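Below you'll find the structure, written out as structure tokens, and then a few comments.
What follows draws every value from the coordinates through simple rules; no lab data is involved. Keep in mind that what you see is a predicted model, and the values were worked out from it rather than measured. Note that we place each Cβ from the backbone using ideal geometry, even for glycine, and neighbour counts take in every protein chain shown.
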Amino acid sequence: MLVINVKEEESIDRALKRYKRKVQSTKLIKELRKRQHFTKPSVARRQEVLNAVYREKYFADK
């Protein structure tokens with residue numbers, strides 16, 4: 001759980017900006033989206049291999 005202490009004379013907009021930055025740096029949203037559905041380890045590994053092949057092919061031309 002993220003805690004943001006709002007200082008005196010600090011606007012709510014500034015505190016919200018700090019909160020958003022902290023959420024982004026902890027990669028919380030990415031983790032929540034990943035947990036919405038289960039991916040079998042074999043499928044995840046297969047996707048990693050396919051992505052690596054694609055990257056090799058795409059960046060080899062440049």
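Got a number for residues in the range 31-62 being loosely packed, with under 10 Cβ neighbours inside 10 Å, closer than 30 Å to Lys20 by Cβ and among the basic types (Lys, Arg)?
2
From Leu50, Leu32, which residue is out of contact with any Lys or Arg (no Cβ under 8 Å at 6 or more places or on another chain) and within 23 Å of Val3 (Cβ to Cβ)?
After applying the criteria, what remains is Leu32.
Can you tell me how many residues within the range 25-60 are in contact with a Leu (Cβ under 8 Å, 6 or more places away or on another chain) and of a type outside the set (S, T, N, Q)?
1
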